[in-house]
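Trainee: Input: one structure, supplied below.
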Amino acid sequence: MKAGSNLEKVLEAGKFAVTSELGPPKSADAENIKKKAQYMKGNADAVNLTDNQTSIVRLSSIAAAQLIMNEGLEPVMQMVVRDRNRIALQSDILGASALGIKNMLCLSGDHQTFGNHPQAKNVFDIDSMQLIQMVKNMRDEKKFLNGDEIKVEPRMFIGAAVNPFADPFDYRVKRLAKKIKAGCDFIQTQVIYDMEKFEKFMAEARKEGLTEQVYILGGITPLKSAKAAKAINKFVSGITIPQAIIDRMAKAEDQKAEGINQAVETIEHLKTIEGIKGVHVMAIAWESKVPEIVDRAGLLPRPKM
Amino acid sequence: MIVGEQKPIEEISKMIAEYKTVLVMGCNTCIAVCHAGGEKEVGILASALRIKNKVEGREQNIEEASMERQCEREFVDELADKIKEADCVLSLACGVGPQTIVEFYPDTIVLPGINTTFYGMPKEQGFFVEFCGGCGNCVLDMTAGICPIVRCSKSMLNGPCGGSQEGRCEVNKDIDCGWQLIHDRLKAQGKLDFMDEILPPKDWSPARHGGPRKMVREDLKIDEKPEDEIEGITKEGEK
């Protein structure tokens, strides 16, 4: 066991894992997090807390992680390299571990031009690849980035993101290999809508033996409407929703219900792909739908480890 | 070259309003090549300021001057008289020019007429691109000669991030993804394995992050040693 988190135990035991995601509020409202946490209870093995996603100031991921631990949930603390330099990142990793946080996801972070403080100076002192390596060395070698010894090391189950749909496509599997080499234990993928492209990515990853070296969790986000799908295609880099899916949404009488149906279908499909060890359900601003999706996808009850 | 653009005339006019004699001073090197502060632009801006003063009924003497390089004392000193006569110098050089004058002319008021933007090149007529961040620790040998520090919006050393699509950066579709360019060039050169290596965190201390920078080249310094010491060397040389 690398960190002994519930998520790690579920994956180690060979069970199909479920993680979900909770976006902290743009305020100091702890009740908001407690309320959203209720949707996740019993429905996910661990819950991601986003770190100022889309560069919008929100309650911090560490604090949110503590708040959901108080509710009996296991957190995956997201950490981006946009806002903190190597000193602050390492300090927060120590602090998070001391609080009992056992999973983290290492990300570069959306560029600040997308957020509500586009005037901000970004940091990007190190990149996401280097963050993975840094946490791994802190955990396994008990070393800070500068080589100094850590007496009590942080125990983190280390996650990373991959986007199989970004360009250049032929480099994406290699980049996954590089993240594994850097030291990540699990992967949460970008949201999957283009199943054909995803299957290609997975086939290549299997060929390279990567699915044996890391747990890959497929990303799911239910669409709310055909209009929302079109907006994603237009404004979100690295995600392409195939026209067939948009058409199906447009034709549906109840578009929201259709979005949930499609999410459930995608999970069913992912279960059949060799090398997929779980799903990451990101019901963005729609957390209340997580129980239904997970239930209908036949993923309940969650295993007790 | 250093690329910059002229400040809006309204801003300049407000800045110089309180001075009777204004010396608009250009630089005929980089800032002239990007058509912002060379001799020609000095002439145009001076004329515009004179017209503006006339229209707005303001009495002000606008003088003009240019030099080869405003960042070198020997060129600046050629215009010493003009600089001393003026109530203020409006520099049309990059940010180095005005500060060179400040360094050697303690009593002169120096104002900036240029916003210095980046180190780059004219990709085509009227289109300038940023190519170097002056980070003090060049990595071009690892990245096919394309700088990830300024040509990747996140300055990633292990890119591209997940926001790269069809060769474009997530920040803006007008920005090429620097890492797509690096990838394509390495691929064409049969060196794509460069991208398998995890490049370590960068030492940013030679960049601005280490505080104001200076460079000392002992070999270029002109010795100002006491005469007896110089004699000693001569004597030794004779032996």
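Trainee: Conditions first: (1) part of a helix (DSSP H, G or I); (2) closer than 30 Å to B:ASN172 by Cβ. A:ALA257 passes all but one, so which condition is the exception?
Mentor: For A:ALA257, the exception is condition (2).
Trainee: Right, here's the next one. Can you tell me how many residues in region B:183-209 are more than 10 Å from chain A (Cβ to nearest Cβ) and under 29 Å from the mean Cα position of the chain (by Cα)?
Mentor: The number of residues fulfilling the criteria is 6.
Trainee: Could you check, for region B:130-143, whether at least one of its residues is assigned to a strand (DSSP E or B), in contact with a strand residue (DSSP E or B) (Cβ under 8 Å, 6 or more places away or on another chain) and touching a residue at least 60 places away in the same chain (Cβ under 8 Å)? Before the answer, list the steps.
Mentor: First pass over region B:130-143, keeping only residues assigned to a strand (DSSP E or B): B:130-132.
After this cut, where a residue has to be in contact with a strand residue (DSSP E or B) (Cβ under 8 Å, 6 or more places away or on another chain) as well, the list is B:130-132.
Of the ones still in play, those that are also touching a residue at least 60 places away in the same chain (Cβ under 8 Å) are B:130.
Yes, region B:130-143 contains at least one residue that is assigned to a strand (DSSP E or B), in contact with a strand residue (DSSP E or B) (Cβ under 8 Å, 6 or more places away or on another chain) and touching a residue at least 60 places away in the same chain (Cβ under 8 Å).
Yes or no, residue by residue, for (1) under 16 Å from the mean Cα position of the chain (by Cα); (2) of a type in the set (S, T, N, Q); (3) in the same structural domain as B:LEU49 (by TED's automatic domain parsing); (4) at pLDDT 95 or above:
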{"position": "B:LEU140", "(1), (2), (3), (4)": "no, no, no, yes"}
{"position": "B:SER153", "(1), (2), (3), (4)": "no, yes, no, yes"}
{"position": "B:GLY159", "(1), (2), (3), (4)": "no, no, no, yes"}
{"position": "B:ASN172", "(1), (2), (3), (4)": "no, yes, no, no"}
{"position": "B:CYS177", "(1), (2), (3), (4)": "no, no, no, yes"}
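Trainee: Does region B:148-172 hold any residues that are more than 7 Å from chain A (Cβ to nearest Cβ), surrounded by fewer than 21 Cβ atoms within 10 Å (Cβ to Cβ) and not in a strand (DSSP E or B), and which are they?
Mentor: B:VAL150
Trainee: Read through the list (1) in contact with a helix residue (DSSP H, G or I) (Cβ under 6 Å, 6 or more places away or on another chain); (2) facing another protein chain (nearest Cβ under 9 Å); (3) over 19 Å from A:LYS2 (Cβ atoms), then give the number of the only condition that A:ALA120 fails.
Mentor: (2)
Trainee: Shifting gears a bit: Determine if region A:212-224 includes at least one residue that is closer than 28 Å to A:ALA46 by Cβ, free of Cβ contacts under 8 Å to residues at least 60 places away in the same chain and crowded, with 19+ Cβ neighbours inside 10 Å.
Mentor: Looking for residues that are closer than 28 Å to A:ALA46 by Cβ, free of Cβ contacts under 8 Å to residues at least 60 places away in the same chain and crowded, with 19+ Cβ neighbours inside 10 Å, one finds at least one in region A:212-224, hence yes.
Trainee: Another one. Going through A:ALA182, A:ALA161, A:ALA166, A:ALA177 one at a time, which residue ends up being facing chain B (nearest Cβ under 8 Å), under 13 Å from the mean Cα position of the chain (by Cα) and among the hydrophobic types (A, V, I, L, M, F, W, C)? Even if it seems obvious, please write down each step before you answer.
Mentor: On the way: A:ALA182 fails: under 13 Å from the mean Cα position of the chain (by Cα); A:ALA166 fails: under 13 Å from the mean Cα position of the chain (by Cα); A:ALA177 fails: under 13 Å from the mean Cα position of the chain (by Cα).
So the residue among A:ALA182, A:ALA161, A:ALA166, A:ALA177 that is facing chain B (nearest Cβ under 8 Å), under 13 Å from the mean Cα position of the chain (by Cα) and among the hydrophobic types (A, V, I, L, M, F, W, C) is A:ALA161.
Trainee: With the condition being in contact with a strand residue (DSSP E or B) (Cβ under 6 Å, 6 or more places away or on another chain), I'd like the helices (runs of 4 or more DSSP H) fully within region B:29-110 carrying at least 3 qualifying residues.
Mentor: Fully inside region B:29-110 and qualifying: B:39-55, B:96-104.
Trainee: Check B:ASP223 against each of (1) surrounded by 10 or more Cβ atoms within 10 Å (Cβ to Cβ); (2) out of contact with any Asp or Glu (no Cβ under 8 Å at 6 or more places or on another chain); (3) among the acidic types (Asp, Glu) and name the one condition it does not meet.
Mentor: (1)
Trainee: Could we say that B:PRO160 is touching a Phe, Trp or Tyr at 6+ places or on another chain (Cβ under 6 Å) and within 22 Å of A:ILE132 (Cα to Cα) here? Before you say what the answer is, go through the steps one by one.
Mentor: Working: touching a Phe, Trp or Tyr at 6+ places or on another chain (Cβ under 6 Å): yes; within 22 Å of A:ILE132 (Cα to Cα): yes.
In short, yes.
Trainee: Follow-up. Being more than 17 Å from B:LYS202 (Cα to Cα), within 14 Å of chain B (Cβ to nearest Cβ), surrounded by fewer than 24 Cβ atoms within 10 Å (Cβ to Cβ) and of a type in the set (Phe, Trp, Tyr) narrows it down to one of A:PHE144, A:PHE114, so name that one.
Mentor: Details: A:PHE144 fails: more than 17 Å from B:LYS202 (Cα to Cα).
Being more than 17 Å from B:LYS202 (Cα to Cα), within 14 Å of chain B (Cβ to nearest Cβ), surrounded by fewer than 24 Cβ atoms within 10 Å (Cβ to Cβ) and of a type in the set (Phe, Trp, Tyr) holds for just one of A:PHE144, A:PHE114, which is A:PHE114.
Trainee: Only one of A:LEU145, A:LEU210, A:LEU176 is in contact with a Gly (Cβ under 9 Å, 6 or more places away or on another chain), aliphatic (A, V, I, L, M) and farther than 30 Å from A:GLU292 by Cβ; which? Steps first, answer last, please.
Mentor: Values: A:LEU145 fails: in contact with a Gly (Cβ under 9 Å, 6 or more places away or on another chain); A:LEU176 fails: in contact with a Gly (Cβ under 9 Å, 6 or more places away or on another chain).
Just a single option satisfies the conditions, and that option is A:LEU210.
Trainee: Could you tell me whether any residue of region B:103-110 is more than 20 Å from the chain's Cα centre (by Cα), at pLDDT 95 or above, among the hydrophobic types (A, V, I, L, M, F, W, C) and farther than 30 Å from B:GLY133 by Cα?
Mentor: Scanning region B:103-110 turns up no residue that is more than 20 Å from the chain's Cα centre (by Cα), at pLDDT 95 or above, among the hydrophobic types (A, V, I, L, M, F, W, C) and farther than 30 Å from B:GLY133 by Cα.
Trainee: Could you identify the single residue in B:ASP107, B:ASP77, B:ASP87 that is without any contact (Cβ under 8 Å) to a residue 24 or more places away in the chain and not hydrophobic (A, V, I, L, M, F, W, C)?
Mentor: Values: B:ASP77 fails: without any contact (Cβ under 8 Å) to a residue 24 or more places away in the chain; B:ASP87 fails: without any contact (Cβ under 8 Å) to a residue 24 or more places away in the chain.
B:ASP107 is the lone residue from the list that is without any contact (Cβ under 8 Å) to a residue 24 or more places away in the chain and not hydrophobic (A, V, I, L, M, F, W, C).
Trainee: Right, another one. Mind counting the residues in region A:205-219 that are more than 14 Å from chain B (Cβ to nearest Cβ), under 17 Å from the mean Cα position of the chain (by Cα) and of a type outside the set (Ser, Thr, Tyr)?
Mentor: Step one: filter region A:205-219 for residues more than 14 Å from chain B (Cβ to nearest Cβ), giving A:205-207, A:209, A:211-218.
From what is left, the residues that are under 17 Å from the mean Cα position of the chain (by Cα) are A:214-218.
Adding the requirement that they be of a type outside the set (Ser, Thr, Tyr) leaves A:214, A:216-218.
Total meeting the criteria: 4.
Trainee: Continuing with this model, one more query. All but one of (1) in contact with a Lys or Arg (Cβ under 8 Å, 6 or more places away or on another chain); (2) closer than 30 Å to A:GLU8 by Cβ; (3) of a type in the set (D, E, K, R) hold for A:LYS224, so report the exception by its number.
Mentor: (2)
Trainee: Still on this structure, please answer the following. Condition test on A:VAL123, is it in a loop (DSSP other than H, G, I, E, B) and either surrounded by fewer than 21 Cβ atoms within 10 Å (Cβ to Cβ) or modelled with pLDDT of 95 or more (or both)? I'd like the intermediate steps shown before the answer.
Mentor: Working: in a loop (DSSP other than H, G, I, E, B): yes; either surrounded by fewer than 21 Cβ atoms within 10 Å (Cβ to Cβ) or modelled with pLDDT of 95 or more (or both): yes.
Spelling it out, A:VAL123 is indeed in a loop (DSSP other than H, G, I, E, B) and either surrounded by fewer than 21 Cβ atoms within 10 Å (Cβ to Cβ) or modelled with pLDDT of 95 or more (or both).
Trainee: Is at least one residue of region A:253-263 touching a residue at least 12 places away in the same chain (Cβ under 8 Å) and surrounded by fewer than 17 Cβ atoms within 10 Å (Cβ to Cβ)?
Mentor: Scanning region A:253-263 turns up at least one residue that is touching a residue at least 12 places away in the same chain (Cβ under 8 Å) and surrounded by fewer than 17 Cβ atoms within 10 Å (Cβ to Cβ).
Yes/no matrix, rows are residues, columns are (1) out of contact with any helix residue (DSSP H, G or I) (no Cβ under 6 Å at 6 or more places or on another chain); (2) within 14 Å of chain B (Cβ to nearest Cβ); (3) of a type in the set (A, V, I, L, M):
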{"residue": "A:ALA203", "(1), (2), (3)": "yes, no, yes"}
{"residue": "A:THR221", "(1), (2), (3)": "yes, no, no"}
{"residue": "A:ASN233", "(1), (2), (3)": "yes, yes, no"}
{"residue": "A:GLU253", "(1), (2), (3)": "yes, no, no"}
{"residue": "A:GLU265", "(1), (2), (3)": "yes, no, no"}
{"residue": "A:GLU287", "(1), (2), (3)": "no, no, no"}
{"residue": "A:GLY298", "(1), (2), (3)": "yes, no, no"}
{"residue": "A:PRO301", "(1), (2), (3)": "yes, no, no"}
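Trainee: Tell me, please, whether a residue that is of a type in the set (S, T, N, Q) and at pLDDT below 95 can be found in region A:250-257. Talk me through it step by step, then tell me what you get.
Mentor: Here is the first cut: in region A:250-257, the ones of a type in the set (S, T, N, Q) are A:255.
This time we only want the ones that are at pLDDT below 95, so: none.
Within region A:250-257, none of the residues are of a type in the set (S, T, N, Q) and at pLDDT below 95.
Trainee: Of everything in region A:267-286, what is among the β-branched types (Val, Ile, Thr) and over 17 Å from the mean Cα position of the chain (by Cα)? Give them in sequence order. If you could, list the steps in order and put the result at the bottom.
Mentor: Of all residues in region A:267-286, those among the β-branched types (Val, Ile, Thr) come to A:267, A:272-273, A:276, A:279, A:281, A:284.
A:THR272, A:ILE273, listed by residue number.
The values are calculated or read from the model by the stated rules, or taken from the named source; none is laboratory data. A quick note: this is a predicted structure, and the numbers were derived from the prediction, not measured. Note: ideal-geometry Cβ built from the backbone for every residue, glycine included; neighbour counts use all protein chains shown.
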